[in-house]
2 protein chains.
Amino acid sequence: MNTDKKQIKSSTIEKWVVSERQKLLDTPVFNILSHRSTLEAAGKSGTFYTIDAPDWVNIIALTTDQKVILVEQYRFGNEQISLEIPGGMVDKGDPDPIESAKRELAEETGYSTKKWTKLGKVAVNPAIFTNYCHLYLAEDCTLKYEQAPDEHEIIHVHTIQLPEFMQMVKTGEIDHSLVVAAVSQYILWKMDKS
Amino acid sequence: MNTDKKQIKSSTIEKWVVSERQKLLDTPVFNILSHRSTLEAAGKSGTFYTIDAPDWVNIIALTTDQKVILVEQYRFGNEQISLEIPGGMVDKGDPDPIESAKRELAEETGYSTKKWTKLGKVAVNPAIFTNYCHLYLAEDCTLKYEQAPDEHEIIHVHTIQLPEFMQMVKTGEIDHSLVVAAVSQYILWKMDKS
């Protein structure tokens, strides 16, 4: 069972074939699909449920004095006040998700910059979600606009020292999985640079 | 807008109050709820949709020779073959999620160990999910059982050098957001130790 990367790439796992797809539910943030899928070679078939959503973005945004820009807001999923990096949905009209990232940063925090780096892209949850989250680093941010949150958003903006931010991720005070994933890509990017 | 941790903790963001909750859809992996919520102080109210699921676990499992144990399988969400660390749902009957982690590791890979460390816990997506994912490190794993996957699971097990695993996370060859989040907690834990 010892594998090297080449062997994984030539692996023989087969994709299931979707024979029938149905939209079960339509909400402003996601849709629920059911599909009948078959893996003929293994004589298996079943009905599976997935969550269809547009791609998302999030941004590790640093001010000119190396502070992390955080947004604090009520979250309807776990019914908690959550401290996160800025982010949101990719707009269908955007030719590249970076445009959505720039807009979300400006709307949620009022901050803006020209120094953007793509840190990576993660599959939100390939078992049940169709979509990806694009992760960005925005450096040298300065306060340029008024906040312009969406109708139901009440957002408090905080800036905090980078080491303190890392500590809060470690202790779980900052716990949104996609924020923690962005931190991972930031650390790996930083290690590579140094 | 300069904040220190103490100020964030005394922040004045208010929680919305849920007045009516309805289950819209029931699947084997998640349920969809709608709830009418109100934030009286701000004169706001609306209907919001959330995804209710049991807690999850995932495990960075290392063999006695420091290789990472990976599972490769077809994923119905993004319809891709995905390379991940082992994981799954927390069983209602388990007094502690670590029991589920131990069982998932054994069932998906056949590996087992007594050396477990909790790396942390992330909110899957507090905006829409009710649940958390518990992240573990399992060291000194040895192959002890036959694989015992669920009915629809076809899983190939791989073991790969730790630096190569990190590289595959960095390049996006390993891209499940909860795996990347576990990597973040592993790196921060490792930094703290050294």
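Side notes on the structure shown:
- Among residues of region B:71-122, those that are away from chain A (no Cβ under 13 Å) and among the small types (Gly, Ala, Ser), counted: 5
- Selection status of residue B:101, in contact (Cβ under 8 Å) with a residue 12 or more places away in the chain, of a type in the set (A, V, I, L, M, F, W, C) and surrounded by fewer than 18 Cβ atoms within 10 Å (Cβ to Cβ): no
- Set side by side, the residues A:136, A:132 differ, and just one is out of contact with any helix residue (DSSP H, G or I) (no Cβ under 7 Å at 6 or more places or on another chain) and among the hydroxyl-bearing types (Ser, Thr, Tyr), which is A:132.
- Considered as a group, the residues in region A:46-70 that are assigned to a strand (DSSP E or B) and without any contact (Cβ under 8 Å) to a residue 60 or more places away in the chain include one that is farthest from the other protein chains (Cβ to nearest Cβ), and that residue is A:47.
- Tally, over region B:123-151, of residues that are touching a residue at least 60 places away in the same chain (Cβ under 8 Å) and among the hydrophobic types (A, V, I, L, M, F, W, C): 8
- Residue list for region A:80-118, filter: acidic (Asp, Glu) and either at pLDDT below 95 or touching a helix residue (DSSP H, G or I) at 6+ places or on another chain (Cβ under 9 Å) (or both): A:84, A:91, A:94
- For region B:171-194, residues that are facing chain A (nearest Cβ under 8 Å) and touching an Asp or Glu at 6+ places or on another chain (Cβ under 7 Å) total 1.
- Residue B:39 at the interface with chain A (Cβ under 10 Å from one of its Cβ atoms), more than 21 Å from the chain's Cα centre (by Cα), surrounded by fewer than 18 Cβ atoms within 10 Å (Cβ to Cβ) and under 21 Å from residue B:123 (Cβ atoms): yes
- Residue match in region A:145-154 (condition: of a type outside the set (A, V, I, L, M, F, W, C), away from every other protein chain (no Cβ under 12 Å) and either loosely packed, with under 15 Cβ neighbours inside 10 Å or farther than 21 Å from residue B:187 by Cβ (or both)): yes
- Test result for residue B:19, among the small types (Gly, Ala, Ser) and away from every other protein chain (no Cβ under 11 Å): yes
- Residue count for region B:159-185 satisfying the condition of being surrounded by fewer than 21 Cβ atoms within 10 Å (Cβ to Cβ) and in contact (Cβ under 8 Å) with a residue 12 or more places away in the chain: 5.
The values are calculated or read from the model by the stated rules, or taken from the named source; none is laboratory data. Predicted model only: the values in this text are computed from it and were never measured. Cβ sites come from the backbone with ideal geometry, for glycine too, and all protein chains shown count toward neighbours.
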